[in-house]
Every structure is written in C-alpha cells, then in structure tokens.
Amino acid sequence: MKHVLVVQDTDCFANSKNLLALTQLMYDAGTYHVSLLALQKDVEDAEGYFHQIITAPESLYEMMHLAGICDVIEHLQKAHQFTSILIPATHTGRMLAPRLARRLHTGLVADVHEVQQRESTLMMIRTAYAGNLMAGITAVGDGPMMMSVHPDSFSYNQSPDVYTSIQDYDGPIPSTSTLRIVRREKKRVSYDIRKSDILISGGGGVTRYFPILHQLADALGGVVSASRKLVDQGLAPRSIQVGQSGKFVSPRLYIALGINGAIQHVEGLQDIETIIAVNTNVQAPICSLSDIVVEGDAKDFIEKLLARIHNTPHTHEGDT
C-alpha cells in the first residue's frame, strides 16, 4: 500500500484537495492511502476526502513555523514511511518544500504542473531554463518522492466519500519559533484573475502604456492580467500574472495585447473559448493559438475599440 502525505495549504483548502486528483494519476485505485497534515484547528472541510487527518501542534499555526513543521514531518516520515509527500507550491509551500527535502535527505521536484506514467515510471513535468523548456523528471532512490505542485494544475471534483480518521500529532513537540510579530498589516485587496470571464492581458509590447488596459477592462466588464515580463519590470503585481510561474486561467475571452506567448505563458491558458491577439508581429507564438489575430499597435487597438464601445469618433495624435 502506497502512503501519501499532503501538507495543508491554510489559505485555500482547494489547493490541498486538488492534490487528490494528482494521487489518482500517480497510483491505481485501492493501492494508496492519503494523509493530510492539518496546519489549522478546523479540519471539517477535509473530512470525507482524506483517509487520515493528522493535526499538527497549535504552536505551529500562528507564524507558520517552518522549522517546526519540518520537525513534525520528519517524525511522521520515520513513523509512517510515506511513499510520496505533496506540498502546494504557494508562498509558504515554496519556502517549506526545499527545507523539508534537505531535512529528509531526498530530492524535490518544484512547481510540478503535470505527471505522466511512462512504462510504469512516473514522470513529473515542470518548466526549466526560465520557462523556455518543459522538463520531465523521474525519481530514483529509496527516499520519499517529494514535489511541490503548482496551484490550479489539478482539479478534484468528487464528493467526499471516504471514512476519515482524525488523530493529533503525538510526537516530540517542536521548539518555539524565534520569530516574533512586529506588526500586522491587512493585505491589499485585489481581484482574482481566475474568477473573471474576460481578461485583458498585457505583455512586453504595452510596457509604456500598461495602465490604459484598465480602461478597456472596465468597458468590457473584465479585469487586467499581465505576462511575466511586466511583472519582472515592476509594472504589474505578481497576483495578476498569467503563466506557469503565475496563475492558470480559463476565461471566456482572453485579449492578449503585445504578448509574445512564450511557453510558460501559454501553459497558464486553459479551456479558453476565444483568444484575440493584438501584435505587431503576427509570427508571435500567441498568434498561432488565437481565434482572431489583429496585426498592429495595441495602444491604437485599445483606443479604437473604446471609441466604438462608447460611440465616439477616434482620432490619432496629430490629426486635425
């Protein structure tokens, strides 16, 4: 029997639950057992999905005490000998996973977004070389197979239907974290690009006038998203980045303005009904994926479309 440990994402339960879809791809039905390491007191949402819920000590909750969480998992690994350990690749998960891999003396495949079974060997797929290549990685050795998994890469939609046993962690209690809270600030409220039916997305071609994308988004009832290039330049927050290192999106309409369409960006587009690409280079990769391609300047396109929406005449700068 294979034994899988899922480390809970406390911000979004779906990130933990969706890893059950991954375990279905990794192992045959009836051959595996999934435990959840719960990092918060309320575990009601997880009941019926996981075979076992292990509640971590409450002292780990407040500060997400990473060293303490590693202590707990190290003890659990000795007791249960997990075949694989799955961690959502969220902000906390990306800090925890490499630290845990070093503690357990095992390998780690980070930001996995797909798995494939090839001749009885599991291949974990992730981007490499700054997103320019897709790498297939297999695990060797006797240690637990560890991976951090990109959120939204898998979706588990089954109803809860398993008996869940709940037990408190009964191993050594980790030492208290040396971190202290200096002050608290509310996170800036922002929209979630994954929930919008219309995305107006900007790339390197709109660097000089990215803010006007919001005008078009407001007129169409959508929101603005961005490519990694704009995020790296500090022109857009990472919360609205589309792509392998950003968020996976499935809007009905995706308007790509000045986006080249590198593989890491395209990987973030899933089940989109209509893609409109506006680009001065019609040979850009994004154009081959698009339903409609507009050759031209994205700024001119936005101004003309806004004029049509608002029924006002459009004039170029310098027109008399």
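The values are calculated or read from the model by the stated rules, or taken from the named source; none is laboratory data. Everything numeric in this text was worked out from a predicted model, so none of it was measured. Cβ sites come from the backbone with ideal geometry, for glycine too, and all protein chains shown count toward neighbours.
Determine whether region 135-149 contains at least one residue that is assigned to a strand (DSSP E or B), free of Cβ contacts under 8 Å to residues at least 24 places away in the same chain and either surrounded by fewer than 18 Cβ atoms within 10 Å (Cβ to Cβ) or not β-branched (Val, Ile, Thr) (or both). Steps first, please.
Restricting attention to region 135-149, the residues satisfying the condition of being assigned to a strand (DSSP E or B) are 135-137, 145-149.
Cutting the leftovers down to free of Cβ contacts under 8 Å to residues at least 24 places away in the same chain gives us 135-136.
From the residues that got through so far, the ones that are either surrounded by fewer than 18 Cβ atoms within 10 Å (Cβ to Cβ) or not β-branched (Val, Ile, Thr) (or both) too are 135-136.
The answer is yes, given that some residue of region 135-149 is assigned to a strand (DSSP E or B), free of Cβ contacts under 8 Å to residues at least 24 places away in the same chain and either surrounded by fewer than 18 Cβ atoms within 10 Å (Cβ to Cβ) or not β-branched (Val, Ile, Thr) (or both).
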Scan of region 1-29 for residues that are touching a strand residue (DSSP E or B) at 6+ places or on another chain (Cβ under 6 Å) and charged (D, E, K, R), ordered by number: Lys2, Asp9
Residue in region 30-40 that is of a type outside the set (Ser, Thr, Tyr), within 18 Å of Ser155 (Cβ to Cβ) and assigned by TED's automatic domain parsing to the domain that holds Val162 present: yes
Flag if Val162 is out of contact with any Lys or Arg (no Cβ under 7 Å at 6 or more places or on another chain), over 19 Å from Val34 (Cα atoms) and not charged (D, E, K, R): no
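Let's see how each residue does on (1) touching a strand residue (DSSP E or B) at 6+ places or on another chain (Cβ under 8 Å); (2) surrounded by fewer than 21 Cβ atoms within 10 Å (Cβ to Cβ):
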site: Ser245; (1), (2): yes, yes
site: Arg252; (1), (2): yes, yes
site: Gly258; (1), (2): yes, no
site: Ile263; (1), (2): yes, yes
site: Gly268; (1), (2): yes, no
site: Thr274; (1), (2): yes, yes
site: Ala277; (1), (2): yes, no
site: Gln283; (1), (2): no, yes
Residue satisfying all of: in region 46-83; among the small types (Gly, Ala, Ser) and over 23 Å from Arg180 (Cβ atoms); surrounded by the fewest Cβ atoms within 10 Å (Cβ to Cβ) among these: Ala79
Residues satisfying the stated conditions in region 84-98, i.e. surrounded by fewer than 18 Cβ atoms within 10 Å (Cβ to Cβ) and at pLDDT 95 or above: Pro98
Any helices (runs of 4 or more DSSP H) falling wholly within region 204-270 and containing at least 1 residues that are more than 16 Å from the chain's Cα centre (by Cα) and closer than 20 Å to Glu303 by Cβ: 213-220, 228-232
Residue in region 75-82 that is within 21 Å of Val140 (Cβ to Cβ) and assigned to a strand (DSSP E or B) present: no
Filtered residues of region 181-238 (kept if buried (at least 23 other Cβ atoms within 10 Å of the Cβ) and among the basic types (Lys, Arg)): Arg228
Residue satisfying all of: in region 100-125; among the hydroxyl-bearing types (Ser, Thr, Tyr) and surrounded by fewer than 16 Cβ atoms within 10 Å (Cβ to Cβ); farthest from the chain's Cα centre (by Cα) among these: Ser120
Failed item in (1) surrounded by fewer than 17 Cβ atoms within 10 Å (Cβ to Cβ); (2) in a strand (DSSP E or B); (3) at pLDDT below 90; (4) not charged (D, E, K, R), with Ala130 passing the rest: (2)
Scan of region 30-84 for residues that are among the aromatic types (Phe, Trp, Tyr) and touching a strand residue (DSSP E or B) at 6+ places or on another chain (Cβ under 7 Å), ordered by number: Tyr32, Phe50, Phe82
Matching residues, region 50-70, being within 14 Å of Val7 (Cα to Cα), touching a residue at least 60 places away in the same chain (Cβ under 8 Å) and of a type in the set (Ser, Thr, Tyr): Thr55
Neighbours by Cβ (under 8 Å, 6+ apart or cross-chain): first from region 275-302, part of a helix (DSSP H, G or I); second among the hydroxyl-bearing types (Ser, Thr, Tyr): Lys299/Tyr209
